[in-house]
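Scroll down for the structure; my scribbles are underneath it.
The values are calculated or read from the model by the stated rules, or taken from the named source; none is laboratory data. Because the structure is predicted, anything quoted here is derived from the model rather than measured. All Cβ positions, glycine included, derive from the backbone under ideal geometry; neighbour counts span all protein chains shown.
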Amino acid sequence: MTTLSSDILAALQSQAVELPSWAFGNSGTRFKVFATRGTPRDPFEKVADAAQVHRFTGLAPTVALHIPWDRVDDYGALRRHAEDLGVRLGTINSNTFQDDDYKFGALTHEDDTIRRKAIDHHLACIDVMDATGSRDLKIWLAEGSNYPGQNDMRARQDRLHDSLATIYARLGADQRLVLEYKLFEPSFYHTDVPDWGTAYVQTAALGDRAMVCLDTGHHAPGTNIEFIVMQLLRLGKLGSFDFNSRFYADDDLIVGAADPFQLFRILSEVIRGGGLNSPGVAFMLDQCHNLEAKIPGQIRSVLNVQEMTARALLIDREALAAAQRANDVLAANAIVMDAFYTDVRPALAQWRESRGLAADPMAAYAASGYQGQIEADRVGGVQAGWGA
Ligand code: PSV
Ligand code: MN
Ligand code: MN
């Protein structure tokens, strides 16, 4: 069995992956949302389910909220509820993509009344952050156009800057703004924040507490995502990840499911760039479990991140640097591939046990009876879904 050095275990010890509240709600495609028994009926139940992931893995101490999907009357009460269950509330995600007023834009809109409404939504999100104790405001904008000529793309960039600057000015000293980019969808011709370059330009114009969020599903097929990771870390602008995996477009599947090697490559650049440990890059999942059970889906996801991190930590950096200096192409590549092909699962299971966690979190969750309990308890009412 491969053993993991004390340095590697120390790096893994502080690893944390934030869970998205929406992963626990029902989700689907535009064709059908399948209802699942036991699905949470409100944000309190979503947080309770997220706490189970942390209970069995020790890896997921925070839960991200999406506003207004997770609107509650008393965010202090939701915060206490989370803390009673051993987790905390994390990133607050704004939402300007489900309101008719935003059909032609929100933070970029030509009409100042609508733009002000979108800015005010973000200010309200920062009020939520103050109550929940959250550090990060994450902004993803569904803004753009479908046809050439439809909009003045440059004027929209200018309005975007003005809107973001107003939001940024309201942040507390310990709070950050993270701007997420996405190549396309829902707009098909141009998107106002389509790529890391635009997110970088917009956040650089704001200040040090504005960073970029890299969602692994938001690139063109074949994009070298680890290069972007390297560059943003080099620039000090990689704020967070939305992890998931994709086969085709923005599939939001379990991270590491479609391409574990890509996840490994991304994590090795995170390590190379010093982004693994505090105050490193925030790791978050952004996934939907349309077919599989949601809590085990999240357990599998955080374990995949941990496993690929452990493999990336196994890269012999000194030997790699020497091979690179010598332009020994095959030796350098072999060092990386040796780490990737190392099965760290038995070592991680043993390490988990040594910390009082289950060796096999998936099996321990299945045996815990929690799933049967929520399926029996959560009858009636409206189940929370993606967007509910
Ligand atoms: C957009 O596709 C996105 O990745 C953003 O992060 C949204 O907030 C999230 O998905 C909603 O699932
Ligand atoms: Mn995302
Ligand atoms: Mn997405």
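Test L232 against the stated conditions and say whether it is aliphatic (A, V, I, L, M), in contact with a Phe, Trp or Tyr (Cβ under 7 Å, 6 or more places away or on another chain) and at pLDDT 95 or above. It is true that L232 is aliphatic (A, V, I, L, M), in contact with a Phe, Trp or Tyr (Cβ under 7 Å, 6 or more places away or on another chain) and at pLDDT 95 or above. For A258, indicate whether it is assigned to a loop (DSSP other than H, G, I, E, B), within 16 Å of ligand 2 (Cβ to nearest atom) and farther than 24 Å from S145 by Cβ. Answer is yes for this residue.
Screening D70, D49 for residues that are in contact (Cβ under 8 Å) with a residue 24 or more places away in the chain and under 24 Å from A364 (Cβ atoms) leaves exactly one candidate, D49.
Residues of the stretch 281-309 that are β-branched (V, I, T) and either in a helix (DSSP H, G or I) or within 14 Å of ligand 2 (Cβ to nearest atom) (or both): I295, I299, V302, V305, T309. Does L107 satisfy the criteria of being surrounded by 14 or more Cβ atoms within 10 Å (Cβ to Cβ) and part of a loop (DSSP other than H, G, I, E, B)? Yes: the conditions hold for L107.
With the condition kept exactly as written, say whether any residue in the stretch 22-45 is under 23 Å from A358 (Cα atoms) and in a loop (DSSP other than H, G, I, E, B). Looking for residues that are under 23 Å from A358 (Cα atoms) and in a loop (DSSP other than H, G, I, E, B), one finds none in the stretch 22-45, hence no. Filtered by the rule that a residue be within 16 Å of ligand 1 (Cβ to nearest atom) and either surrounded by 23 or more Cβ atoms within 10 Å (Cβ to Cβ) or not in a loop (DSSP other than H, G, I, E, B) (or both), the stretch 183-194 gives T191, D192, V193.
Listed here are the residues, each with its yes/no results for (1) loosely packed, with under 15 Cβ neighbours inside 10 Å; (2) over 27 Å from D251 (Cα atoms).
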residue	(1), (2)
G90	no, no
S94	no, no
C125	no, no
T132	no, yes
L141	no, no
N146	yes, no
S163	no, yes
Y168	no, yes
D174	yes, yes
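Here L137 passes the criteria (1) more than 16 Å from ligand 2 (Cβ to nearest atom); (2) surrounded by 15 or more Cβ atoms within 10 Å (Cβ to Cβ) except the one numbered (1). The residue that is farthest from ligand 1 (Cβ to nearest atom), among those in the stretch 53-91 that are assigned to a helix (DSSP H, G or I) and more than 17 Å from D130 (Cβ to Cβ), is D84.
When A199, A155 are checked against the criterion of being of a type in the set (G, A, S) and either within 16 Å of ligand 1 (Cβ to nearest atom) or modelled with pLDDT under 95 (or both), A199 stands alone in meeting it.
Quick one: in the stretch 221-251, which of the residues that are among the small types (G, A, S) and within 15 Å of ligand 1 (Cβ to nearest atom) is surrounded by the fewest Cβ atoms within 10 Å (Cβ to Cβ)? If we take residues in the stretch 221-251 being among the small types (G, A, S) and within 15 Å of ligand 1 (Cβ to nearest atom), then A249 is surrounded by the fewest Cβ atoms within 10 Å (Cβ to Cβ).
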